[in-house]
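The values are calculated or read from the model by the stated rules, or taken from the named source; none is laboratory data. Predicted, not measured: the structure shown is a model, and the values here were computed from it. A quick note on method: Cβ atoms are made from the backbone with ideal geometry, for glycine too, and the neighbour counts reach across all protein chains shown.
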Amino acid sequence: MALPTLSAHWPGRVRALERQLVRQREQEARWRQQWELHSQYFREQEVRSSKQSQWSSRQSFQRSMSAFQRERMKEEKRRKLEERREHLRLMLQEERDQLEAELRNVRPDRATLTRQLVGKTDALRSAREERRKNLAQELLREHWKQNNPGLRKVESELHKDHVVSQWEVQHQEKKQVRCSQEADERTQEEKRRFENEYERTRREALERMNEEEEKRKQEEKNRAEDLRKQMEELKLREQEAEHLKQEQEALMSQRWELEKLEDERKRMEESRRKTEFGHFLTRQYRAQLKRRAQQVQEELEADRKILAALLEGGVEEQRIEKARRERAVADAAWMKRVIEEQLQLEREREAEFDILYREEAQRVWEKREAEWEKERRARERLMREVLTGRQQQLEERMKENRLAREESLQRREELIQQLELERLTLRQEREQQEGARTARMQEINAQVCIELTLLTMCAKRNAINMQKKKIKKI
């Protein structure tokens, strides 16, 4: 059991304490600002991560491809519209030219009309003569064929040879059609195989990407859980630091109160000594006995108030440190009871002073003075023990509080360093994931381009081979 004692340099300690409180507030402000920066950074990283996951998801890819297809279809429609417009423009120009030519030919002059009529007449005449000549030759040929059996036989053989040759031609054409169909089927089969291979590769790539995405999300979830736990621990550390700070302030206040009470006791002791010296000179025993009794009552009342204040403080602190404060509270309560008993006894003695004579008063004065001095010394010894024990307890609690605050600050710094390291690690992992995703997409695009090139070359080669076969057959 120990209580604090007053220091001779109390104002200097107050200034040092004020400076320490100012430094603590500044440090807490810096920590609070650093906490705000970290929380803002994690909020930004969470938003950025959600946006990146949204942009790299399959829905975003499908939306991008749909937008690309829509743009390509719009471009194709625009190109076809321009082609139709150009075609209509050419047709309109041709129609205009024809209309202009017809307008020019609507009203020809007389000479031109005469020449046209003469030309038409000559053309009709020559055409009629030509038809007559052809008809005569045809009739002569038919007559000659009918009257010449050798010619009919030759014509029959020629017709047979023509039929046989046409059969071979049809057979070759069928064979060529079948070869072309087989080539088309092979091309289609190759195309289907390539499409299946491409679809399988794409599905595998998407599955790998989905697995990587799920794994990354799980890792981010675990990391977020760890960060949440660290943030909660950091908040608990801050609350603990705040509680320790309040407890430190309460201990300092109690220490000041004890120092103030000790100063008050010393001042009262000095006043008592001066009063005793004056009373010794006056030798007014009865008045001195009454004043001395009142003075002793005042001292006892002051000690009772001090112990009552200590007892009240001990009762309030009993909820926190019951085991350590139990003895101090019991001692303070015992001292309070003793002082109250002495106070009651002094009041009874004061009532007896009025019936004493001068000689008896002198005798009683000397006897009571010796008793009072003995009781005062015992009371001072007990009060000194109580205050010393209280002082030691406050010193121990302040030391424990200081060590706890230092440990809390050290743990807080470690948590902040861990959060900073986790932030750097998270950024590096995201950069690596973005690089791997970009490389994978480039690899897939390169494979698709290579397969498309091979398919195009195969189709061109088949077309060239078919053209060569047709040329050879012709």
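For beta carbons closer than 6 Å, sequence separation of 6+ or different chains, a first residue in the range 392-420 that is polar (S, T, N, Q) and a second that is assigned to a helix (DSSP H, G or I), the qualifying pairs are Asn401/Leu244; Asn401/Glu247; Asn401/Gln248; Ser408/Arg237; Ser408/Glu240; Ser408/Ala241. Pairs are defined by a Cβ separation below 7 Å, a sequence spacing of at least 6 or placement on different chains, a first member in the range 54-71 that is assigned to a helix (DSSP H, G or I), and a second member that is of a type in the set (Gly, Ala, Ser); the pairs so defined are Gln54/Ser60. Of the residues making up the range 395-412, those that are more than 25 Å from Glu259 (Cα to Cα) and of a type in the set (S, T, N, Q) are Ser408, Gln410.
Listed here are the residues, each with its yes/no results for (1) exposed (fewer than 15 other Cβ atoms within 10 Å of the Cβ); (2) within 50 Å of the chain's Cα centre (by Cα).
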| residue | (1), (2) |
| --- | --- |
| Glu220 | no, yes |
| Lys229 | yes, yes |
| Glu232 | yes, yes |
| Arg237 | no, yes |
| Arg255 | no, yes |
| Glu262 | no, no |
| Ser271 | yes, no |
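Against the test of being surrounded by fewer than 14 Cβ atoms within 10 Å (Cβ to Cβ), at pLDDT below 75, over 23 Å from the mean Cα position of the chain (by Cα) and at negative phi, the options Ile450, Ile444 yield a single qualifying residue, Ile450. Any residue that is touching a strand residue (DSSP E or B) at 6+ places or on another chain (Cβ under 9 Å), in a helix (DSSP H, G or I) and over 27 Å from Phe42 (Cβ atoms) - is there at least one of those in the range 368-375? Looking through the range 368-375, none of the residues is touching a strand residue (DSSP E or B) at 6+ places or on another chain (Cβ under 9 Å), in a helix (DSSP H, G or I) and over 27 Å from Phe42 (Cβ atoms). Checked against the criteria, Lys174 does not count as modelled with pLDDT under 70 and either in a helix (DSSP H, G or I) or not charged (D, E, K, R) (or both).
Per the conditions (1) in contact (Cβ under 8 Å) with a residue 60 or more places away in the chain; (2) under 30 Å from Thr453 (Cβ atoms), the sole criterion not satisfied by Leu227 is (2).
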